[in-house]
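Only one structure is covered here, and it is reproduced in the block below.
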Amino acid sequence: MASVHESLYFNPMLSNGVVHANVFGVRDWVTPHKMALLVLLSELGRAGSQLGLLERRRLNRLLLPLLQGPDMALSRLRKAIEECCPHLAGSVHIRLKLMAEGELKDMEQFFDDLSDSFSGTEPEVHKTSVVGLFLRHMILAYNKLSFSQVYKLYTALQQYFQKDEKKDGADENEMELTNPEELDGKMEKEELDGPLREEEIACSGPLSQKQAEYFLSQQASLLKNDETKALAPASLQKELNNLLKFNPDFAEAHYLSYLNSLRVQDVFSSTHSLLHYFDRLILTGAESKSNGDEGYGRSLRYAALNLAALHCRFGHYQQAELALQEAIRIAQESNDHVCLQHCLSWLYILEQKIFDSCVLLEHSVNKSLHFGLPYLASLGIQSLVQQRAFAGKAANKLMDALKDSDLLHWKHSLSELIDISIAQKTAIWRLYGRSTMALQQAQTLLSMNSLEAVNVGVQQNNTESFAVVLCHLAELHAEQGYFAAASEILKHLKERFPPNSQHAQLWMLFDQKIQFERAMNDGRYHVADSLVAGITALNSIEGVYRKAIVLKAQNQMSEAHKLLQKLLIHCQKIKNTEMVIRVLLSIAELYWRSSCHTIALPVLLQALALAREYSLQYLASETVLNLAFSQLILGIPEQALNILHMAIEPILAHGAVLDKGCAMFLVAKCQVASAASYTPEKKIEALESAILNLNEAKTYFAKVDCKEQLRDVLYFQARLFHTLGKTQERNKCAMLFRQLHQELPAHGVPLINAFK
């Protein structure tokens with residue numbers, strides 16, 4: 001189930017995707033790239049009404065990222081302009097060429113002419129507009145240059161233009177040697193509107209204040225909304241180091257470095273960057289300016305709180321508790337109720353690692369509502385629902401609680417928490433065994449659009465909630481035998497959450513589990529055994545459980561029993577009820593295979609009591625099926641049939657295809673066993689009914705390619721057809737049985753002693 005407290009990290013940078021970088025010592029200056037932009041603006045003013053409405057609209061959309069973004073190569077700038085208006089791109093290139101190949105006085109004249117844009121009763125550019133402010137900044141920066149600096153700028157412009165000319169010459173030579181179709185395909189791959197790439201932000205000098213702010217805001221927004229479009233961790237860290245080299249006191253760059261280190265789970269670098277962020281925030285006085293005398297103390301307490309959150313994320317609970325105590329002490333001294341509520345939420349998380357307690361959480365929810373903190377209150381309700389779900393509370397009460405939290409979400413437009421709530425509902429329905437309801441909730445979330453405004457081309461929902469829902473969706477499809485669809489979903493997950501992203505472990509675990517189930521169904525136990533190591537690395541409990549399943553399938557009963565007993569003790573200790581029930585069912589199966597049928601009954605009754613106590617309906621139905629099988633083995637098939645009718649409905653409605661097949665196979669076995677005491681006419685009816693049920697079971701097993709179970713069904717059908725005197729059908733089943741029997745190894749286990 002998704003963790004609902006990931007968003008409790010205090011994040012001063014992300015306020016609707018905007019970085020508040022108040023501390024930066026580098027001002028704007030004129031560069032060759034900015035001169036190219038000035039030429040573009042000048043030509044745009046000259047073109048006037050000659051430009052069509054669509055072309056002008058495209059250019060206006062292009063201008064803002066060009067003005068805010070870092071310097072780029074002239075060739076890329078030309079391509080961007082050509083996509084909007086090819087004629088204007090040619091004019092810009094000619095104007096730059098005349099300036100670069102002319103004299104210094106041409107550049108001087110160009111800047112003198114820029115001031116004319118603001119003159120007249122109806123000027124081309126308003127002084128307070130985005131373009132007007134840019135022009136004024138550039139004119140002011142140019143006027144402040146000394147003669148030597150002007151000459152260096154002119155030389156840089158010549159080099160900037162010549163580099164583009166050389167590249168064009170090299171491209172022409174390459175075009176002569178390259179297939180035009182390949183060249184078109186290569187150009188199509190370039191996305192001009194995409195996020196910044198490493199080569200685009202590599203500059204010879206430091207970024208200006210506005211460029212740095214834009215770069216940080218874009219990368220921070222991408223890390224939040226679509227991590228795949230952000231720079232790779234190594235590239236981003238390199239650029240941040242360049243920023244900090246020119247201004248070590250740039251606090252927001254340290255915070256983005258902290259977020260970047262969290263992506264790769266680097267505890268040392270993330271701690272280092274976080275401490276530097278708050279140190280710089282205090283030293284520069286940025287917090288004091290905005291918060292008065294409280295700024296210094298506010299930075300200290302939130303520094304301690306973030307440090308506690310960081311240690312908790314990496315599993316350092318003792319260090320987290322110490323940092324949290326420090327944050328609480330400073331917050332109490334400053335009477336900061338907001339900070340105290342954040343501390344209370346993290347205190348619940350830390351204490352949850354030791355013992356289950358709802359008192360802190362309920363107190364946190366009430367206080368958050370009192371102080372008008374809907375985000376924290378909703379997170380508290382989500383955590384409370386999660387805890388109550390594991391405690392076995394009724395689903396209707398949990399859904400009522402989530403409905404109350406949803407009212408808070410929609411009232412305050414908390415889109416991230418809306419996603420978490422729906423993902424939580426999906427996980428709860430899966431826990432209770434209602435796959436149809438889980439599927440409905442998953443589809444609801446995938447059909448929703450985010451309420452947050454993000455850039456064009458950026459995925460809006462690359463969050464943990466979507467990763468959880470997509471993983472559940474892949475598993476649901478695999479359970480129903482739609483392995484191709486499950487593979488497509490996992491492929492999409494791999495593209496959306498690459499292996500180095502923070503939520504990649506979710507799909508990695510589900511991918512390994514689906515592959516494991518397919519290998520077990522196909523009888524390839526050696527393949528399943530090789531997957532156990534990967535599952536264990538991602539989830540140790542799941543890994544040990546599946547290792548025991550492989551050992552059981554390989555008839556290594558004593559080793560499997562020892563492993564399951566250790567796992568049972570551990571799961572009882574950590575109160576993982578779902579896994580306790582699954583382990584008990586596996587232990588009962590070991591007893592059957594060892595012909596200890598009477599010993600299996602108390603184990604199954606214990607599992608059934610737990611399943612009903614914790615409202616795990618699907619596991620309860622599965623346990624009843626196992627009890628029916630025990631009764632069949634003990635010679636009371638009539639009683640087994642009676643309880644089967646009670647349990648089979650949830651299995652057929654919400655169960656996996658394999659479980660449906662096993663249930664129908666068991667019904668057929670019970671019908672055949674009960675028919676022994678019937679009259680000849682009723683016996684024939686019972687056997688024919690059993691054959692129909694076996695046909696249905698065979699369809700289910702074929703869907704998931706479960707060859708061992710298919711072989712058993714065919715054997716059973718052949719015997720029944722022989723009893724009924726249907727020679728042709730018997731021979732057909734016998735032939736299919738022999739084909740499968742030659743493919744699969746025989747383990748020497750009697751047919752009647754295997755429920756699954």
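A 1.4 Å probe, protein heavy atoms only, puts the accessible area of Glu729 near 80 Å².
Basic side chains Lys and Arg get +1 at the Cβ, acidic Asp and Glu get -1 at the Cβ, and with that the dipole of segment 32-165 about its Cα centre reaches some 460 debye.
Per-residue Karplus couplings for segment 625-632, computed as 6.51 cos²θ - 1.76 cosθ + 1.60 with θ equal to phi - 60°, are listed in order as 4, 5, 5, 4, 5, 4, 5, 4 Hz, Gly and Pro entered as x. A straight Cα-to-Cα reach below 27 Å connects Lys552 with the lysines Lys513, Lys562, Lys566, Lys573, Lys575, Lys660, Lys669, Lys698, Lys703, Lys707, Lys756, residues fewer than 8 places away in its own chain not being considered. Of the GluC sites (Glu not before Pro) found in segment 98-152, those in coil by DSSP whose Cβ has at most 10 other Cβ atoms within 10 Å are Glu103.
Here the relative contact order of segment 656-755, from alpha carbon pairs under 8 Å that lie six or more residues apart, stands at 26 percent.
Rg and Dmax of segment 599-684, both derived from C-alpha coordinates alone, stand at 13.6, 45 Å.
Multiplying the residue separation of Ser530 and Thr598 by 0.36 nm and removing their Cα-Cα distance gives an extension gain of 21.0 nm.
Extending 7 Å from the Cα toward the beta-carbon at both Asn143 and Ala234 defines two label points whose distance is 4.8 nm. Counting only protein chain heavy atoms and rolling a 1.4 Å probe, the accessible areas of Ile643, Ile684 rank, largest first, as Ile684, Ile643.
Phi-derived couplings, Karplus 6.51 cos²θ - 1.76 cosθ + 1.60 at θ = phi - 60°, listed residue by residue for segment 574-588: 8, 6, 8, 5, 4, 5, 4, 5, 5, 5, 4, 5, 5, 5, 4 Hz, with x used for Gly and Pro.
The figure for Tyr678 is an accessible area of roughly 90 square angstrom, using a 1.4 Å probe on the protein chains alone.
Explain nothing, just the number: dipole magnitude of segment 656-755 about its Cα centre with +1 on each Lys and Arg Cβ and -1 on each Asp and Glu Cβ, in debye rounded to the nearest 20. Numbers along the way, then the final one.
Values: 13 positive and 10 negative charges, 37 e Å.
Rounded to the nearest 20 debye, it is 180 debye.
Couplings 3J(HN,Hα) of segment 538-544, computed from phi: 8, 8, 5, 5, 4, x, 5 Hz, in residue order, whole Hz [Karplus 6.51 cos²θ - 1.76 cosθ + 1.60, θ = phi - 60°; x for Gly and Pro]. The heavy atoms of Met448 offer some 40 square angstrom of accessible surface to a 1.4 angstrom probe. Largest first, the residues Asp106, Asp712 sort by 1.4 Å accessible area into Asp106, Asp712. Stretched out straight at 0.36 nm per residue, the stretch from Ala676 to Ser540 would grow longer than its current Cα-Cα span by 44.2 nm. If you wrap the tightest convex hull around every Cα atom of segment 524-627 and split its volume per residue, you get 101 Å³.
Going by accessible area, probe 1.4 Å, with all protein chains left in place, what is the ranking of His472, His526, largest first? All intermediate terms of the calculation are to be shown ahead of the outcome.
On the way: His472 25, His526 135 Å².
The residues order as His526, His472, largest area first.
Looking at segment 308-358, what % of the alpha carbon pairs are farther apart than 13 Å? Tail of the P(r) past 13 Å holds 55 percent of the pairs.
Segment 556-571 and segment 58-100 have Cα centres separated by 69 Å.
For the Cα trace of segment 32-165, dividing Rg by the Kirkwood Rh returns an Rg/Rh value of 0.94.
Once you keep just the Cα pairs under 8 angstrom separated by 6 or more residues, what percentage relative contact order results for segment 26-157? The value is 37 percent. The tail of the calculated P(r) for segment 656-755, taken as Cα-Cα distances beyond 17 Å, holds 51 percent of the pairs. Among 550-560, 609-619, the peptide with the highest mean count of other Cβ atoms within 10 Å heads the list, and the full ranking is 609-619, 550-560.
How many times 2.2 N^0.38 Å is the alpha carbon radius of gyration of segment 478-573?
Details: Rg = 14.7 Å, N = 96, 2.2 N^0.38 = 12.5 Å.
So the Cα radius of gyration is 1.18 times the expected 2.2 N^0.38 Å.
The values are calculated or read from the model by the stated rules, or taken from the named source; none is laboratory data. None of the values given here were measured: they were computed from a predicted structure. So basically every Cβ, Gly included, is an ideal-geometry build from the backbone, and we count neighbours across all protein chains shown. Quick note on the areas: whole protein, heavy atoms, side chains included, nothing else; ligands and nucleic acids left out. Shrake-Rupley method; radii C 1.70, N 1.55, O 1.52, S 1.80 Å.
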